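The values are calculated or read from the model by the stated rules, or taken from the named source; none is laboratory data. The structure displayed is predicted, hence computed values, not measured ones. So basically every Cβ, Gly included, is an ideal-geometry build from the backbone, and we count neighbours across all protein chains shown. The protein model used for the area step is the full one, side chains on, heavy atoms only, and it has no ligands, DNA or RNA in it. Shrake-Rupley method; radii C 1.70, N 1.55, O 1.52, S 1.80 Å.
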Amino acid sequence: PAESSTPILDLALETGSGLNEMINELLELHRLESGADLIAKEPAPVSRVSQLALDKVRGLAETRGVALKLEAANDEVPLDEGKLERVLVNLLGNAIKYSPRGAEVALSATVSEAETKFEVVDRGPGIPERDRERIFERFYRGANQVLPSTGLGLAFCKLAVESHGGRIWVDSHVGQGSRFVVALPR
């Protein structure tokens, strides 16, 4: 019997899929920048959005040997659930990819009178100071970047969070890990 695929075909399919993903990310970034991709805020439980994001990265975490931890308020807040879930999936995915086997990645979500705050914390290699200001730029990849990346994920996160009227930042120390924070006004 003939093989159903060849290594060259597999490579072509993988490359094509990667290009398609990059084109879709670029189109979404453009829609967010132009205001054409409107944020549809609806009341949603913070715990549900957090759990959905965690569920989407669970397979990656298991493959990489990284434990996941979630602490989330159950309050309902107005947000675009789909976009915020994608932001959290992106942040969690990055944290998992850069964490050593056996480490833990934590997602917390808190609600106060002023804001809703999501935090993704890892114990990975951390981000050098020279890269921290630029990591949210389109196509930017740090000098020590070794994992494959389009350089668009954090740019999407920044635009999606800002379109909610919020802000995103990172606290990181080389050798100690990173803490990405998303704060949305109530």
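Count, please, the residues in the stretch 85-104 that happen to be of a type in the set (A, V, I, L, M) and open to solvent by 20 Å² or more (accessible area, probe 1.4 Å). Explain how you work it out, then say what you get.
Quick first cut of the stretch 85-104, residues of a type in the set (A, V, I, L, M) only: 87-89, 91-92, 95-96, 103.
Subsequent filtering for residues that are open to solvent by 20 Å² or more (accessible area, probe 1.4 Å) retains 89.
Of the residues in the stretch 85-104, 1 are of a type in the set (A, V, I, L, M) and open to solvent by 20 Å² or more (accessible area, probe 1.4 Å).
With the requirement that a residue be within 16 Å of VAL111 (Cα to Cα) and part of a helix (DSSP H, G or I), what does the stretch 37-74 give you?
Passing the criteria: VAL46, SER47, ARG48, VAL49, SER50, GLN51.
Every residue in the stretch 112-127 that is open to solvent by less than 40 Å² (accessible area, probe 1.4 Å) and not charged (D, E, K, R), please.
THR116, PHE118, VAL120, VAL121, GLY124, GLY126, ILE127
I'm trying to understand the selection: among the residues of the stretch 52-67, which are among the β-branched types (Val, Ile, Thr), open to solvent by less than 80 Å² (accessible area, probe 1.4 Å) and over 15 Å from the mean Cα position of the chain (by Cα)?
Taking the stretch 52-67 as the starting set, the residues that turn out to be among the β-branched types (Val, Ile, Thr) are 57, 63, 66.
Pick out the ones that are also open to solvent by less than 80 Å² (accessible area, probe 1.4 Å) and you get 57, 66.
Hit for the stretch 52-67 is VAL66, nothing else.
Restricting to the stretch 108-119, give me the number of residues that are part of a loop (DSSP other than H, G, I, E, B) and in contact with a strand residue (DSSP E or B) (Cβ under 6 Å, 6 or more places away or on another chain). Can you show your working first?
Step one: of the stretch 108-119, the residues part of a loop (DSSP other than H, G, I, E, B) are 112-114.
Add one more test, that the residue is in contact with a strand residue (DSSP E or B) (Cβ under 6 Å, 6 or more places away or on another chain), and what stays is none.
Qualifying residue count for the region: 0.
Could you list, in sequence order, all residues of the stretch 75-107 that are in contact with a Ser or Thr (Cβ under 8 Å, 6 or more places away or on another chain), at pLDDT 95 or above and in a strand (DSSP E or B)?
Residues satisfying the conditions are VAL105, LEU107.
Here is a check on your reading of the model: is LEU70 hydrophobic (A, V, I, L, M, F, W, C), at pLDDT 95 or above and open to solvent by less than 10 Å² (accessible area, probe 1.4 Å)? Before the answer, list the steps.
Working: hydrophobic (A, V, I, L, M, F, W, C): yes; at pLDDT 95 or above: yes; open to solvent by less than 10 Å² (accessible area, probe 1.4 Å): no.
No: the conditions fail for LEU70.
Could you tell me which of the residues GLY166, GLY142, GLY175, GLY151 is open to solvent by less than 40 Å² (accessible area, probe 1.4 Å) and either aliphatic (A, V, I, L, M) or modelled with pLDDT of 75 or more (or both)?
Details: GLY142 fails: either aliphatic (A, V, I, L, M) or modelled with pLDDT of 75 or more (or both); GLY175 fails: open to solvent by less than 40 Å² (accessible area, probe 1.4 Å); GLY151 fails: either aliphatic (A, V, I, L, M) or modelled with pLDDT of 75 or more (or both).
Matching residue, one of GLY166, GLY142, GLY175, GLY151: GLY166.
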